[in-house]
Amino acid sequence: MTPNALPPASRTSLRRRLDQLGIGLAGLCALHCLATLVVISALGVGGHFLFDENIHRIGLLLALIVAAVAIGWGLLRHGRMLPFAVALGGLALMAGALIVPHGANEFVLTLAGVGLVSIGHLLNLRAARSE
């Protein structure tokens, strides 16, 4: 289905929901990072699940899909590059976190990345409101 197959109000609502989903996913990612540190530090358990690389790969894949659709669609509609550029920078940091060893560098890259992706979605929401 093409974006133009939906009525204009439904397209706007769908874009808004996708941006909100992207912000929610970023929040879950940040929560995962913080929970991993707390659980591993305090209890010394759960590392086999919380450090699983597949969680990070799936999270990045979901972030890429949601951002590509929501922010890409927004770019086509409102023409503003800033949301796209900010989100792209965040996704690059998240991807970079996959190639560094677990630890402080991974944590910082991931949190900075999800923060930028969230800001990109917020900027996209704001740009869509001013259409």
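Any read-out appearing in this document is the output of simple, stated calculations on the displayed coordinates, not a laboratory observation. Computed from a predicted structure; not experimentally measured. No Cβ is skipped: glycine too gets one built from the backbone with ideal geometry, and neighbour counts run over all protein chains shown.
For this structure, a couple of remarks:
- Vicinal HN-Hα couplings computed from phi for the stretch 88-94 (Karplus, 6.51 cos²θ - 1.76 cosθ + 1.60; Hz; Gly/Pro x): 4, x, x, 5, 5, 5, 4
- Panel order for Phe84, Phe107, by other beta carbons found within 10 Å of each beta carbon, from fewest to most: Phe107, Phe84.
- Summarising the label geometry, the points placed 7 Å from Cα in the beta-carbon direction at Leu82 and Asn105 lie 3.3 nm from one another.
- Dividing the convex hull volume of the alpha-carbon atoms in the stretch 58-131 by its residue count gives 62 Å³ per residue.
- Extension gain for Gln20-Ala92 works out to 23.9 nm (0.36 nm per residue, less the C-alpha to C-alpha distance).
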